[in-house]
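The values are calculated or read from the model by the stated rules, or taken from the named source; none is laboratory data. Predicted, not measured: the structure shown is a model, and the values here were computed from it. Cβ coordinates were reconstructed from backbone atoms using ideal geometry, including for glycine residues, and neighbour counts include every protein chain displayed. For the accessible areas, the whole protein counts, side chains as well, though only heavy atoms, and no ligand, DNA or RNA atoms are used. Shrake-Rupley method; radii C 1.70, N 1.55, O 1.52, S 1.80 Å.
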Amino acid sequence: MLGFLTRTRGKSRMDVTDILAWAWLILGTLVIAIPIGWAFLSSFKPEAEINSFPPTLLPRAAEELAIDGYDEPLPAYAWTDEQGETRTVGLVRRIGLKATVVDPASPGERLSVDASAIEKQTVLRPEWSNYTDPLERFAFLTYLKNSVFVTTVATILTLVLNSMAAFALSKYRFRGSTTIFVLMLSTLMLPLSVIMVPAFMVVVGLNLADNLWGVIFSTVATPTGVFLLRQYMLTIPDDLIEAARVDAASEFRIYWRIILPLSAPALAVLAIFSVIWRWNDFLWPLIVLSSPENYTLQLGLNAFQGQFTVQWHYILSMTVVALLPVTLIFLFLQRYITEGVASSGVK
Amino acid sequence: MAATDDGYVRPAREAPVSSSDRGDRLLEAAMAVVEWPFTRLQRLIGLRRMPWVFVLPNMALFTIFVFIPVLLAIGYAFTGGTELLLWNRPFVGFENFSRLLSCGSYLDPATCELDLFWTAVFNTTWYTAFNATGTLVVSLVTALVLNRLTRGKAFFRAIFFYPVLLSPVVVALVWKWFLARNGLLNAVFADLMGERTIFLLEVLWSRFWVVYVSIWFHMGFYTLIILAGLQAIPRDIYEAALIDGTTRWRQFWRLTLPLLMPNLLVVLVLLLIRSVQVFDEAWVLTDGGGPGTANTFVVQFIYETAFATDVRLYGLASAASVLMGLALLVLTLVQLWLGKKAEN
């Protein structure tokens, strides 16, 4: 039964293992896509529909009819009359088993019909207000700004500081260089959860608690970034540097004008990872940031869903906003990401 | 700017003047401004000290935010009170540890002084066991399937990897909605079972879904690592086996699995290390470890003891951190040892 676990290739005929392998791939794709797709579709549903059960697949909204003589558009209903003919009518009011409707063809005439003979009409329509309301009425615009700020600044600082350190650690032999490198690497495995309390004390001591800079500064000196860039810079020939020195270029000029441009591929990988890390960070911002006006999108989303548990139409739309940047990066740069992970084992 | 073969760096273009050229010059000027202080500095301190200038900013931040906290972490574990600044805290010796470890019976969290901590330890243990095994099996199968694909490999690899990039909050909310009373799963479940279940409010279901969501979230990462290991196995070994008429089943058990074993062990230890630290997605998914304390894990205990209560017991939280750190250290050493063995 588990024959598909073995590997052969180049067969012309589909056999059992091929079928099982494809079944696994298709099942896996569905398992990954369905929850995300479902959240995405639901994020466009109006509040009334999101709370109805059984759920509908696509976002639908009540259809409305504009009829002469009525200030507001009337909800559209399909009315099946005694002859079995179906017409679209506007509902004026419903009292008990009777409903008053108006045929748009003769707006002056009100009809009294059985409530059971009419059925509500819906149209396919995404509810864009799910997306605009949280930005206008709740603080999501602030959260979004904070997230963009933290992600951008932290990524730029990460690239500059890590590449400078990597340059020194790959292109010079100086006392303590090995020690520094080993010390940095040894913390690769050190999780935040172990040093949560003292790290917070340091942030408080620097007066950076409840401050976005407290989140930024503590995350930029990544050992992963230094390691990744150092390994790449080691492959750049030293002759280039020697030649530049002969031309009286300063050390910083060598770093800035030669090494940095040549390290572009590794810098790109680090930039992609840094953006994803900082955008998704949760536990550390949760500890450092305490007032809502400093929340990042992830914190704001978490606080909002804890407070307004029934507002799923807003929660889901903001969830989509939170996953959008990462998804776009992935769509366009997925090759760099998967290859970067496979070759360096970072995540 | 381009570095030519002889290593000489010259400006990309001199003339004629165009708008993009003006941009280039602006960039040139900006770069020169950045360069200037460093060039001065080099004249001041000499070439041999320049590498220190390059590592210094990174090292400073690293020292402040990583090395100092590591050293302080031990200090906190031996102090009491609710003051945050270490030098204001009274030394209490092993009191925090003895409180954490005082139990009538270690098999029953209810008999412990801090029953929440031991509940968290138990929950983390079962979570780690199920999550590590589950992820390993799913990732291994997926990697094997991907490895034998001749077409569409990059596509499916990308699909399986995509969830890894999402944020824990997003993953938790997507699944919370999927499992909600009005969610898609209940629409199917109600048809089969006749009634709806609030999955995340039932102890066993919620534990199942916490592990399931975690596997769903992270398996793509481990799949990539195992896949890299599979691709490193030389192909001619299989050709030799094919000539010998070995069955595929046998091939898997006798060739693929033994050759992959070092890689799998490293993945397993990595999985254990990460599983012990479970917090973000489980915390959001279960509304803070519920129902009751069914999904309360150790990191949640640390976080809540130190940051989410009125009486902030930093010492107790740090003692719990140190205990967890020790467990992780053992696992890390095992991993390093395995990694070394794999290299030989």
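Here are the numbers:
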quantity: Residue pairs meeting the criteria (Cβ under 6 Å; at least 6 apart or on separate chains; first without any contact (Cβ under 8 Å) to a residue 60 or more places away in the chain and within 9 Å of another protein chain (Cβ to nearest Cβ), in region B:253-277; second buried (at least 21 other Cβ atoms within 10 Å of the Cβ) and hydrophobic (A, V, I, L, M, F, W, C)); calculated: B:GLN277/B:VAL299
quantity: Some residue of region A:277-288 being in contact (Cβ under 8 Å) with a residue 40 or more places away in the chain, part of a helix (DSSP H, G or I) and open to solvent by 30 Å² or more (accessible area, probe 1.4 Å); calculated: yes
quantity: Breaking point among (1) surrounded by fewer than 16 Cβ atoms within 10 Å (Cβ to Cβ); (2) modelled with pLDDT of 85 or more; (3) not basic (Lys, Arg), for A:LEU301; calculated: (1)
quantity: Within region A:233-264, tally of residues that are free of Cβ contacts under 8 Å to residues at least 40 places away in the same chain and open to solvent by 30 Å² or more (accessible area, probe 1.4 Å); calculated: 13
quantity: Hits in region A:297-335 (condition: closer than 25 Å to A:PHE273 by Cα and of a type in the set (Ser, Thr, Tyr)); calculated: A:SER317, A:THR319, A:THR327
quantity: Residues of region B:69-85 satisfying the condition of being out of contact with any strand residue (DSSP E or B) (no Cβ under 7 Å at 6 or more places or on another chain), within 12 Å of another protein chain (Cβ to nearest Cβ) and open to solvent by less than 70 Å² (accessible area, probe 1.4 Å); calculated: B:PRO69, B:VAL70, B:LEU72, B:ALA73, B:GLY75, B:TYR76, B:ALA77, B:LEU84, B:LEU85
quantity: Inter-residue pairs, beta-carbon under 6 Å, first touching a residue at least 12 places away in the same chain (Cβ under 8 Å) and farther than 20 Å from A:THR296 by Cβ and in region A:124-140, second open to solvent by 60 Å² or more (accessible area, probe 1.4 Å) and charged (D, E, K, R), 6+ apart; calculated: A:LEU124/A:ARG60
quantity: Selection count where residues are of a type in the set (A, V, I, L, M), in contact with a Pro (Cβ under 8 Å, 6 or more places away or on another chain) and open to solvent by less than 50 Å² (accessible area, probe 1.4 Å), scope region A:170-196; calculated: 2
quantity: Count - residues of region A:197-222 that are in a helix (DSSP H, G or I), within 9 Å of chain B (Cβ to nearest Cβ) and open to solvent by 40 Å² or more (accessible area, probe 1.4 Å); calculated: 3
quantity: Scope region B:297-333; condition open to solvent by 20 Å² or more (accessible area, probe 1.4 Å) and assigned to a loop (DSSP other than H, G, I, E, B); matching residues; calculated: B:ALA308, B:THR309, B:ASP310, B:VAL311, B:ARG312, B:LEU313
quantity: Extreme residue, farthest from the other protein chains (Cβ to nearest Cβ), among residues of region A:20-47 that are in a helix (DSSP H, G or I), in contact (Cβ under 8 Å) with a residue 12 or more places away in the chain and of a type outside the set (Phe, Trp, Tyr); calculated: A:GLU47
quantity: Helices (runs of 4 or more DSSP H) contained in region B:187-267 and holding at least 3 residues in contact with a Ser or Thr (Cβ under 8 Å, 6 or more places away or on another chain); calculated: B:203-231, B:248-251
quantity: Residues (polar (S, T, N, Q) and either open to solvent by less than 20 Å² (accessible area, probe 1.4 Å) or more than 7 Å from chain A (Cβ to nearest Cβ) (or both)) located in region B:150-188; calculated: B:SER167, B:ASN186
quantity: Residue match in region A:96-115 (condition: touching a Lys or Arg at 6+ places or on another chain (Cβ under 6 Å) and open to solvent by 60 Å² or more (accessible area, probe 1.4 Å)); calculated: yes
